[in-house]
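Input: a single structure, listed below in structure tokens.
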Amino acid sequence: MSYVSKSVAGAIFLAAGLTACDAGSPSKPAAPAVKDRPWMDTALSPEARAERLESEMTLDERIRMVHGVFAVPLLGPILPGALGSAGFVPGIERLGIPALQETDASVGVTNPFDVRKGDGATALPSSLMTAATWNKDLAYQGGAMIGQESWKKGFNVLLGGGVNLARDPRNGRTFEYLGEDPLLAGVMAGEAIRGTQDQHVISTIKHFALNAQETGRMILSAKIGEAAFRESDLLAFQIAIENGKPGSVMCAYNRVNTVYACGHDGLLNRTLKGDWGYPGWVMSDWGALHDVNYATAGLDQQSGEQLDSAVFFGEPLKKAVESGEIPAARLSDMVRRILRSMFAHGLFDNPPKQQEIDYDANAAVAQRVAEEGIVLLSNRGGMLPLARDAKRIVVIGGHADAGVLSGAGSSQVIPVGGAPVSIAMGGEGPGAAFVKMVFHASSPLKAIKAKAPNAEVRFIDDAYPSAAAALARDADVVVIFATQWMIEGRDVPDMTLPNGQDALIEAVAAVNPHTVVVLETGGPVQLPWLNKVGAVLAAWYPGARGGEAIANVLFGDVNPSGRLPMTFPASPAQLPRPEIDGYTLPPGEKFEVDYDVEGSDVGYRWFARKNVKPLFPFGFGLSYSAFAYANVTVTGGETLTVSFDVRNTGARAGADVPQVYLTDAAGIKRTRLLGWSKVTLEPGAVQRVTVMADPRLLADFDAGAPGWRLREGTYAVALGASAGDFTLRGEAAVSGRLLKP
Ligand code: BGC
């Protein structure tokens, strides 16, 4: 829901003393008497099972399945049977249909408004940090960890899978998404979704589509041409859906080319269900439904109905079906799609069983993601890794004595055992409870002390640059933790570190150049002091064991291998939109964001097109080792296949992420990531890597055909360590053809 910007209407019934237990059991497993319930025959396909079951249902039962509530006692008492979470759709006992118990989201199981008293969960690092690992296995493991925690807490739908392309680093949900490239984002989202669904929990993919900024998200119209859309944001969804097969798609709040995304026939019926043959169901975002006719545009289920102006998919839909205004067959299709996903992902056959969770094991997954997602941005004179025999270490700021920062909004995870620091950040009404800066209980200070037991390690907050500089002056090493908090519902106004942190870093670096800056940010920020400090780590929002992960990288127990999933622009002036559209408009005033400015050239492609040098390019990241590439071969035909050797030329074991980019498509200049590999190598070791391009990345979308038009000709590629550092090149001929849309 829009916790921040939406005023909450209606009476507030705070259900005193409500617990998960009072809320009832999650979902009663269906009685397995196959002869009475032929849809319980597991030998049948999910489609056949859904069809059999749906044909048994009454009109009222069908209607019941296509709308659900926001299951917190904020807008009324929560329904019996609801566990308490973002969403609930009651089951139908007569037919053994389990309830849908829906929880947010991509970084862990949430507990909005503490509806399940004290029920914390394991927080993965931000999704952007998962993307920064460029490690598909870790994306899968993270998704599986959350899926398993969801299931053991009684949930069967995870509202995860945020894959909106990062078109603007100031987007308040940058941390919830997987960066700026459709291939990287699509592949990583697909893996996370697969991981979740392997635990018998349906994952959504969201927010479909072009919800690329939070300012005016309920009203703005995202303007984009069909070809540009297909080659960018929609391609990320398409790849993730193909690989992850999410049971549900959540449509977005915003309008696309003037039409609301949840009532967008072109997006839902034509592209998603038509061209892509998507068999699952489309659920609305919480408060994104405005008309019963969205059913004919392809929306299958209304979510969080208290947040819409009416329960459109309740009585109004029933009446429309009875009058024939909306065909009964359409309602059947809506229900079958929901049931099909429920059968396909085990909701009938493997219903959740509430049980104890091994939080230590799950935190270890979060730590692995953080360790591989930290990006070493600068290391002047090899300041890192730190020596363990440093005598005096000064740690400054960022509440590093207590924990690590997390991003806020519907994805906010409350740590197991509670947050060591939780700071109210303003706001009015009941939704203000959400406007909180939450730290996870993983203290970098403590972890640093553990690494250097003989050093004197002192901490000072970041309130006064003069005091911090005075303490830092004689230290062997200074580590400054700099934070940028982000929250759903608001964009950050610019790319600076807030609260005078730049001045603090300048003041400290001026007296002690042995300064490391650890960034805990939602996304890219400006680093005006970059050349005055010794080293910089991007640690994003590093999750449940972020402190330990940071210390492991600082002291070299982990060799950094994260790579930027987003370009770090030098300043907003380099962006397609130097100002955030709508930022200064009065709330409620509709406006348009023109994404045709960059079209499908999002992020690094925009920088390549404009020939502008960013602060750090997409794909960039240093290591404590060094890697070299050789013997590249490129073969053509149906697509491009690129093979090469990667050698660890340094003195330490480590992982590298060689990346293959298209640079020329049959005579047209292009810069597009075609593939990558994450390779772990001992010093001196060599590995041969092969990357095969998805032909859609070589093609242009032809909206008239429609399809992906691959021109006959020579295609050139470059191999490099980032989008700004191409070392080897090659080319080959590819045959021309039209691929299905
Ligand atoms: C967010 C979704 C979220 C939903 C339920 C909305 O505000 O946009 O991402 O899943 O709330 O909490």
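The values are calculated or read from the model by the stated rules, or taken from the named source; none is laboratory data. Just so it is clear, the structure is predicted and the values come from calculations on it, not from any experiment. Using ideal geometry, Cβ is built from the backbone for each residue, glycine included, and neighbour counts are taken over all protein chains shown. These area figures cover heavy atoms from the full protein model, side chains too; ligands, DNA and RNA do not enter into them. Shrake-Rupley method; radii C 1.70, N 1.55, O 1.52, S 1.80 Å.
Within the set Y583, Y604, the sole residue that is open to solvent by less than 60 Å² (accessible area, probe 1.4 Å), closer than 21 Å to F175 by Cα and either among the hydrophobic types (A, V, I, L, M, F, W, C) or not assigned by TED's automatic domain parsing to the domain that holds D233 (or both) turns out to be Y604. Within the stretch 266-295, residues that are free of Cβ contacts under 8 Å to residues at least 12 places away in the same chain reach partners that are among the β-branched types (V, I, T) and surrounded by fewer than 16 Cβ atoms within 10 Å (Cβ to Cβ) with beta carbons closer than 9 Å, at six or more positions or on different chains, in the pairs G266/V259.
Exactly one residue out of G263, G298, G304, G277 is modelled with pLDDT of 95 or more and surrounded by fewer than 21 Cβ atoms within 10 Å (Cβ to Cβ): that is G277. Condition check: open to solvent by less than 10 Å² (accessible area, probe 1.4 Å), within 16 Å of the ligand (Cβ to nearest atom) and within 14 Å of the chain's Cα centre (by Cα). Does G162 satisfy that? So G162 passes the test. If the condition is being out of contact with any strand residue (DSSP E or B) (no Cβ under 7 Å at 6 or more places or on another chain) and of a type outside the set (A, V, I, L, M), then the stretch 568-579 contributes P569, S571, P572, Q574, P576, R577, P578, E579. Within the stretch 654-661, not a single residue is out of contact with any Cys (no Cβ under 9 Å at 6 or more places or on another chain) and surrounded by fewer than 20 Cβ atoms within 10 Å (Cβ to Cβ). Among the residues of the stretch 565-576, those identified as open to solvent by less than 20 Å² (accessible area, probe 1.4 Å) and in a loop (DSSP other than H, G, I, E, B) are P565, M566, T567, P569, L575.
Does G314 satisfy the criteria of being in contact (Cβ under 8 Å) with a residue 60 or more places away in the chain, in contact with a helix residue (DSSP H, G or I) (Cβ under 8 Å, 6 or more places away or on another chain) and of a type outside the set (F, W, Y)? Answer is yes for this residue.
Considering only the stretch 691-705, I want to know if a residue exists there that is free of Cβ contacts under 8 Å to residues at least 40 places away in the same chain and closer than 15 Å to L738 by Cβ.
The answer is yes; a qualifying residue exists.
Screening G582, G546 for residues that are in contact with a strand residue (DSSP E or B) (Cβ under 6 Å, 6 or more places away or on another chain) and under 29 Å from Q412 (Cα atoms) leaves exactly one candidate, G546. Considering G588, G556, G562, G599, the condition of being in a loop (DSSP other than H, G, I, E, B) and surrounded by 24 or more Cβ atoms within 10 Å (Cβ to Cβ) is satisfied by G562 alone. Show the residue pairs meeting these rules: Cβ distance below 6 Å; 6+ apart or different chains; first residue within the stretch 726-739 and in contact (Cβ under 8 Å) with a residue 60 or more places away in the chain and of a type outside the set (F, W, Y); second residue part of a strand (DSSP E or B) and open to solvent by 60 Å² or more (accessible area, probe 1.4 Å). Between residues of the stretch 726-739 that are in contact (Cβ under 8 Å) with a residue 60 or more places away in the chain and of a type outside the set (F, W, Y) and residues that are part of a strand (DSSP E or B) and open to solvent by 60 Å² or more (accessible area, probe 1.4 Å), the close pairs are E731/T714; A732/T635; A733/T714.
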